[in-house]
Amino acid sequence: MKTKFFTLISLIILFYQGIGQDHNTINYFNAVPPPNDSIVIFAKGIVSLDDRWEEKICFSPDGKEVFFGRHPDGNNNYFKPRTMYSKFENSKWSTPDTAVFSRKVIAGYPIFNPDGNILYMEQPIKPTKKGVTGQIVFSKKKNNEWSTLKVISPNVTAKEGFGLAQITKDSTFYFHDRFDRVAYSAKIINGKITAPKPLPYMLNPIVEFFVSPDNDYIIFMPLNWSNQFHITFKVKHKWSMPIPFSAYFKKEKGWDMRGYGPYVSPDGNYFFFGKKGDIYWVKADFIEGLRKKI
């Protein structure tokens, strides 16, 4: 009887430890969380600087590391981003500095893989004879150090190259054709990318996107830069018709949901995006609110 009791207790402890591991408490640079549905500049003076142009931000799954793109001259110049890095140690964040792998090369739009040991980025390159101006690169973490950048080449032709790479927990690999503005998905099996397929017509052409780690929703912005963010949910293995953010955020609240670099924090609590050179955040409750509108 005692053996069964202790076994049950052990299972309960492991269960709650697992919950704690999946839902790490993240310190957001001690920033005051945005109230209600308010849009607020994130970590002003630390991450978002007045004389710089910040783009996409991402936190590691354990909430201990953060990367974000920054254009040092304060302008949105595609060929000048650097990837910034900060680490949470001894109960505080280090001062954001250029990531080791980005000190001599340009790269931006960082995003972690679900395990937090690979960081994907988009790297601008000098135009080639074929017109390629961007490629997907990644850095791998080993022994607490991030490697130099390596290139990923999806098996599909693209006039100007690729970007916006992301992988989900079920090994679905998403990326973006920079010229046609078409987003693709593929599977990674035994380290190899299968034949890519374009996302459904109602999602393409596309400018920006973020795919949830569970691969159950995509936040994106259609090709027209004047368009706001939209969201689509996976229902019975198919993507739903997109819902504009305005279906939740009414104009009277002063919202203008246009921007770049959409991202949802690992704990699912906040939505981040870039706008006019700063990074903003807002509570992510609206995602489930929009899911109910399917």
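The values are calculated or read from the model by the stated rules, or taken from the named source; none is laboratory data. Remember, predicted model here, so these are calculated numbers, not experimental data. We place every Cβ from the backbone using ideal geometry, glycine too, and count neighbours over all the protein chains shown.
Any residue that is surrounded by fewer than 22 Cβ atoms within 10 Å (Cβ to Cβ), modelled with pLDDT under 85 and either touching a Lys or Arg at 6+ places or on another chain (Cβ under 9 Å) or not polar (S, T, N, Q) (or both) - is there at least one of those in region 27-35? Even if it seems obvious, please write down each step before you answer.
Start the filter on region 27-35 by keeping residues that are surrounded by fewer than 22 Cβ atoms within 10 Å (Cβ to Cβ), which leaves 27-35.
Okay, now just the ones that are also modelled with pLDDT under 85, so 35.
The next check asks that each one be either touching a Lys or Arg at 6+ places or on another chain (Cβ under 9 Å) or not polar (S, T, N, Q) (or both); those that pass are 35.
Yes, that holds for at least one residue.
Yes/no matrix, rows are residues, columns are (1) out of contact with any strand residue (DSSP E or B) (no Cβ under 6 Å at 6 or more places or on another chain); (2) touching a residue at least 60 places away in the same chain (Cβ under 8 Å):
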site: I193; (1), (2): no, no
site: L199; (1), (2): no, no
site: S212; (1), (2): yes, no
site: D216; (1), (2): no, no
site: L223; (1), (2): no, no
site: F229; (1), (2): no, no
site: S246; (1), (2): yes, no
site: F249; (1), (2): yes, yes
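Identify, from the list D256, D214, the residue that is acidic (D, E), surrounded by fewer than 18 Cβ atoms within 10 Å (Cβ to Cβ) and either modelled with pLDDT of 95 or more or part of a helix (DSSP H, G or I) (or both). Even if it seems obvious, please write down each step before you answer.
On the way: D256 fails: either modelled with pLDDT of 95 or more or part of a helix (DSSP H, G or I) (or both).
Result: D214 is the single residue among D256, D214 that is acidic (D, E), surrounded by fewer than 18 Cβ atoms within 10 Å (Cβ to Cβ) and either modelled with pLDDT of 95 or more or part of a helix (DSSP H, G or I) (or both).
Find all pairs meeting these conditions: Cβ atoms under 8 angstrom apart; at least six residues apart or on different chains; first residue within region 66-81 and at positive phi and modelled with pLDDT under 65; second residue surrounded by 14 or more Cβ atoms within 10 Å (Cβ to Cβ) and assigned to a loop (DSSP other than H, G, I, E, B). Short answer, once both residue conditions are applied: G74/R52; G74/G277.
When residues in region 259-294 are screened for being part of a strand (DSSP E or B) and in contact with a Gly (Cβ under 8 Å, 6 or more places away or on another chain), 8 of them pass. Going residue by residue through region 160-174, is there one that turns out to be touching a residue at least 60 places away in the same chain (Cβ under 8 Å), surrounded by 15 or more Cβ atoms within 10 Å (Cβ to Cβ) and part of a loop (DSSP other than H, G, I, E, B)? No, there is no match, as no residue in region 160-174 is touching a residue at least 60 places away in the same chain (Cβ under 8 Å), surrounded by 15 or more Cβ atoms within 10 Å (Cβ to Cβ) and part of a loop (DSSP other than H, G, I, E, B).
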